[in-house]
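Everything on this sheet refers to the single structure shown next.
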Amino acid sequence: MNFSVDRFPLCLRRSEAMRRHSLLLALLLTIVSSAHAGLPRALPEGEQPNDVRLGPPENLNGYFPFHQVESVDAWPARQAEIRRRILVSQGLWPLPTKAPLNPVIHGRVDRDDYTVDRVFFESIPGHYVTGSLYRPKGTSGPYPAIISPHGHWQDGRFYDHGEKKLHEEIAIGSERFDPGGRFPIQARCVQLARMGCVVFQYDMTGYADSIQLKHRPDDWKHLDRLNDWGFMSVQAELRLQNMMGLQTWNSIRALDFILSLDDIDTTRVGVTGASGGGTQSMLISAIDDRITAAMPCVMVSTAMQGGCTCENAPLLRINQGNVDIAAATAPRPLGLTAADDWTRELKTKGFPDLVKLYEMLGHPDRLTAAFHTEFGHNYNHVNRTVMYGFFNRHFNLGFEEPVLEREYKPLSREEATVWTEEHPAPSGHQVGDAHEIGLLQIATHDSDEMIEALIPRNKNQQAEYRRVIGGAWETILGRQLDDVGDIEFELVLEEERDGYLLMTGLVSHTSAHEQLPALFLYPQENWNGRVVLWFTDEGKNGLLDGDKPIKSVQELLDAGVTVASADLFGQGEFNADGKPPAHQQMWFQQDGKSGWQTFVGYTFGYNHPIFVRRAHDVLTMLAFTRRHEKQPKAIDLVGIGNEAGSVVVAARSQAGDAISTTSVDLGNFSFGDLTRSDDPMFVPGAVKYLGVDGLVSLCPPQSTIVARKTPLRVSQAVASGNPATVPIGGPALPLQTATAEDLIDRLVTSLTAVPPAPPAN
């Protein structure tokens, strides 16, 4: 065996210890290879790669440190990345159509220095947001406006601590008096109104007057179907239709509502809530610049990220956590509180990073935090007082601090409810399964129309299509070629064969703690500087037929082309039992016995699906090849198989100008045909963003050859700039070929026709 550092895929010289280790492995694996009919391995039989992705999945109880930026100039791009991930994760990229709110304001309750109106409006046609509108009396506007989601307190706006709990809270100094301490959710609205603010406190889905849907379902499987589906179904997740997205949309529409009032100062608009209301507060502030000051309480931390379905969505917390989401408010004013819960370490973990960010942006005075960890999870009087001071300062309300609550007469349930004899509550098809199905039909139709309208009619419309569809896939895939960090290579086996070298080794993306068993077939005498990265459903062994290269690969070797492959995540040597995974590894909330606990957002909100991980592996192999000291003259991508073809297209869409040509066989695969969220090919949001067709449309048409039995309408339209000429089922443009065999023949013909060139130095 010859371990020359001058041959293709060897990188830097290794230490003597590594060399001895590799020689030993090579000796062992030569024996293994001979015993297994020429199917070479990079690891001993039964051993798996040293890859972090083989461990338990990340989950909401992990550690989520802030991703600090290095400069002021870097912040806008990072902020935009956080915002887009929020919006994509919740099906709000692009934002849905804003239908008329049709607000109903009625049943005013008049108190000494404030009033309360009952409000309901339609965030989506037929779906009502309900709440209470508090207004100051005795002053004239324009008034500061504050929206206030209440969080997971029983009955929401109607929440009553009860006398026993009230006395306990007063005894420990958490509350001061009745009724402020007994009705703490009302208390904050009353005090803010007394300070001169208009406050809209709105119900979370399934709380108080929001009765059309349950907050989270005990069972949803009966709505998991190809048509007329509900939330948590496979079809919903393929379109990123989730309860968190609905609640965030309600927050956006709540903001629309309060800003539609004619006496609001649009330069002073706030949001505050605690717990689940804190989640909504940081989300709406992150994505909507109309919020000028935000105070999400007892939610922001590097620890537990939120346990409810309304606080989780696929894609949301990949490469970001709640501290990053809260930071997206910067440099606008931001206030936080901590308690004896998952936020107890905020003072030392997370908050110092936010201090550095605000200092770097030149506005350290805009960041406020209170760390009253002597109290349990709360939005008590102590923390409400901090909040009053926060808005007092940033809205220039002119009160002496501390601003303390005074007694007030709380609303009874009868005074607060928006549903009355004159305004009856929704019923019949307006509630339950029928309403849920109808809601998602509206959402699907609206999204499909908006995406269809983005398909370019001319070259000038390409940029917006790529911003939206390309931006969505950037978020879903979560890694571009330039994001691939440090790579190391360890040669394990090198054999001289008939006119070529066969080499196996381990390609390690050390920055991501990922490792790939790889195979390289290198022409011994006449390498022309070209490398084909060829991926199959079988992994690297798909290049071989027994102990020899398959016919098309042999033809490329004879023409002086190097051919390389790898076992992508879940292929080949990743599987201890030799079998590819039939299911994705899922993480369930609590014991997983109730329907909502099996929501896929608990898995894919924190972990990339297998499909995406495989696309990352293709990019790793591409980065390794591109950075090699021998500097290949051209790199081509090939994907053959019902799975590998789509994976390669996904990777190509994120590879910039690093690829010469791309040839893929897409088989019959379609994301829309999937029936299981744990299917190895399942990707949240794939159908919303045009599936494989959308991915192909992001690849350069002049250098992309696709085998597909049905036409790729969108890709052809994007390539031509005129979708009207490419109807569904219409003729294929040159982007497509007829069969996989035709694709391979065309590939081999085109690459072997190139005269051999001396290798690059």
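Exactly one residue among Gly389, Gly438, Gly398, Gly376 is at positive phi and either more than 29 Å from the chain's Cα centre (by Cα) or outside the structural domain of Asp117 (by TED's automatic domain parsing) (or both), and that residue is Gly398. At least 3 residues being under 33 Å from the mean Cα position of the chain (by Cα) is the threshold, and among the helices (runs of 4 or more DSSP H) wholly inside the stretch 157-255 those reaching it are 234-238. When the stretch 559-602 is filtered for residues that are surrounded by fewer than 22 Cβ atoms within 10 Å (Cβ to Cβ), out of contact with any Pro (no Cβ under 9 Å at 6 or more places or on another chain) and in a loop (DSSP other than H, G, I, E, B), the ones remaining, listed by number, are Ala576, Asp577, Gly578, Lys579, Phe588, Gln589, Gln590, Asp591, Gly592, Lys593.
Using the structure shown, decide if Ala512 is over 30 Å from Gly306 (Cβ atoms) and among the aliphatic types (A, V, I, L, M). So Ala512 fails the test. Apart from one condition, Ser89 fits all of (1) at pLDDT 95 or above; (2) of a type in the set (Ser, Thr, Tyr); (3) within 24 Å of Ala293 (Cβ to Cβ); the exception is (3).
Table: residues versus (1) touching a residue at least 12 places away in the same chain (Cβ under 8 Å); (2) among the β-branched types (Val, Ile, Thr).
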site: Phe574; (1), (2): yes, no
site: Asp591; (1), (2): no, no
site: Val600; (1), (2): yes, yes
site: Phe604; (1), (2): yes, no
site: Met621; (1), (2): yes, no
site: Thr625; (1), (2): yes, yes
site: Lys633; (1), (2): yes, no
site: Asn642; (1), (2): yes, no
site: Val647; (1), (2): yes, yes
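On the stretch given as the stretch 355-409, residues that are among the aliphatic types (A, V, I, L, M), in contact (Cβ under 8 Å) with a residue 24 or more places away in the chain and either under 21 Å from Gly277 (Cα atoms) or assigned to a helix (DSSP H, G or I) (or both) total 8.
Could you tell me whether His363 is more than 30 Å from Gly685 (Cβ to Cβ) and in contact with a Gly (Cβ under 7 Å, 6 or more places away or on another chain)? Judged against the criteria, His363 is not a match. Against the test of being without any contact (Cβ under 8 Å) to a residue 12 or more places away in the chain and more than 30 Å from Gly173 (Cβ to Cβ), the options Glu421, Glu496, Glu514 yield a single qualifying residue, Glu421.
Since Ile550 meets every condition but one in (1) among the β-branched types (Val, Ile, Thr); (2) free of Cβ contacts under 8 Å to residues at least 12 places away in the same chain; (3) crowded, with 22+ Cβ neighbours inside 10 Å, which condition does it not meet? Condition (3) is where Ile550 drops out. Look at (1) touching a Phe, Trp or Tyr at 6+ places or on another chain (Cβ under 6 Å); (2) closer than 22 Å to Ile744 by Cα; (3) of a type outside the set (A, V, I, L, M); (4) modelled with pLDDT of 95 or more and you find that Asn642 fails only one, number (4). Just name the residue that is surrounded by the fewest Cβ atoms within 10 Å (Cβ to Cβ) out of those in the stretch 396-423 that are among the acidic types (Asp, Glu) and farther than 15 Å from Tyr134 by Cα. Among those residues, the one meeting the criterion is Glu421. Filter the stretch 209-233 down to the residues that are among the aliphatic types (A, V, I, L, M) and either modelled with pLDDT under 95 or surrounded by fewer than 23 Cβ atoms within 10 Å (Cβ to Cβ) (or both) and list them by number. Passing the criteria: Ile211, Leu213, Leu223, Leu226. Asp365 meets all of the listed conditions (1) farther than 17 Å from Pro184 by Cα; (2) surrounded by 18 or more Cβ atoms within 10 Å (Cβ to Cβ) but one, namely (2).
Restricting attention to the stretch 461-490 and to residues that are over 22 Å from Phe611 (Cα atoms), not assigned by TED's automatic domain parsing to the domain that holds Ala717 and not acidic (Asp, Glu), the residue that is surrounded by the fewest Cβ atoms within 10 Å (Cβ to Cβ) turns out to be Ala463.
The values are calculated or read from the model by the stated rules, or taken from the named source; none is laboratory data. Since the model is a prediction, treat every value here as computed from it, not as a measurement. Quick reminder, even Gly has a Cβ in these numbers, built from the backbone with ideal geometry, and neighbours come from all protein chains shown.
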